[in-house]
1. Note down the net charge around SER239, summing +1 for each Lys or Arg and -1 for each Asp or Glu among other residues with Cβ under 15 Å from its Cβ.
2. Net charge near LYS175, counting Lys/Arg +1 and Asp/Glu -1 over other residues with Cβ under 13 Å of its Cβ?
3. With Cβ to Cβ distances under 10 Å as the rule, what net charge do the other residues near TYR201 carry (K, R +1; D, E -1)?
4. Work out, step by step, the length gained on full extension between TYR129 and GLU30: first 0.36 nm times the residue separation, then minus their alpha carbon distance; give nm to one decimal.
5. When only C-alpha pairs under 8 Å and at least 6 residues apart count, what is the relative contact order of the chain, in percent?
6. By DSSP, what percent of the beta bridges with both residues in the chain are antiparallel, rounded to the nearest 5?
7. Here are some pairs, LYS104/LYS205; LYS101/LYS205; LYS110/LYS220; which of them have Cα atoms lying more than 29 Å apart in this structure?
8. Could you tell me which helices of the chain pass both thresholds, a Cα extent of 30 Å or more along their own axis and a mean Kyte-Doolittle hydropathy of at least -0.5, with helices taken as whole DSSP H runs?
Amino acid sequence: MRPLAIISDVHSNLEALGSVLKDIARRKIEKIVFTGDAVGYGPDPDECIKLIRKVSSVSLMGNHDMAVIEPGHLDYFNQFARKAAIWTKDNISPTSLRSLKAFKMTGQLKKDSIFLVHSTPRDPSAWNYLYNMDDVDTNFYYFSHRICMVGHSHIPFIAEQLPSGEIVLHKSSVKINSDNRYIVNVGSVGQPRDGDPRSCYTIIKNNTIQIIRVKYKIEKTQEKMLQADLPSPLIERLSRGV
Ligand code: ZN
């Protein structure tokens, strides 16, 4: 398997995306895929979309990307997410909007037996979250590949399903066993929510799935969000990673 980096939930955070891409380059990983939510919450939608398009070979649709394209989806958002989505819609370029519309709901890397989706393989457009083991267990039935990569909850995990059906959770890395299958939440580049404010993404290298954390200039993103008059709870949460 060729080395691969999976990035997700960038949310218009250019400082975080820049740091992650630098880290990927440092590890000499050339193939990158993106599993959704380029925009929403943060201050740099155009720059992030442009960079994602440039570096990733697969780009998927997230619910925040969808909300900018089809405002009907705003109904499902809380007040702060809605405000940020409307801000994004008002500030995004026509070129970026066209790019977002080209994002796909699912993707796959056939040779590597990897399935890609923003929310869940069971129902990609329902935007459900994989929060508990029952849901993870059920979702193993909805893809045929060895590995499924998701984003959406901003909380990274690696779930390994043994041939017996038993599921083992790994926090940061696992060696791929050809008898087993995997659902991986790759974490969020631009708005981590697991209590660690560092940017998060996932790599596959040397037959190992590994969740990576990278420091970035949080204050710089926060300053831009303040200038853009984005909601203060969204600015403040970046410091705490929640
Ligand atoms: Zn997201």
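1. Once positives and negatives cancel, what remains is +2.
2. Its environment carries a net charge of -1.
3. -1
4. Between TYR129 and GLU30, full extension yields an extra 32.7 nm.
5. Relative contact order, the chain: 23 percent.
6. Roughly 65 percent of the beta bridges in the chain run antiparallel, per DSSP.
7. With Cα atoms farther than 29 Å apart: LYS101/LYS205; LYS110/LYS220.
8. The answer is none, since no helix passes both cut-offs.
Every number in this text was worked out from the coordinates using simple rules, so none of it is lab data. Predicted model, so just to flag it, every value in this text is computed and none were measured. Neighbour counts are summed over all protein chains in view; Cβ atoms, including those assigned to glycine, are modelled from backbone coordinates with ideal geometry.
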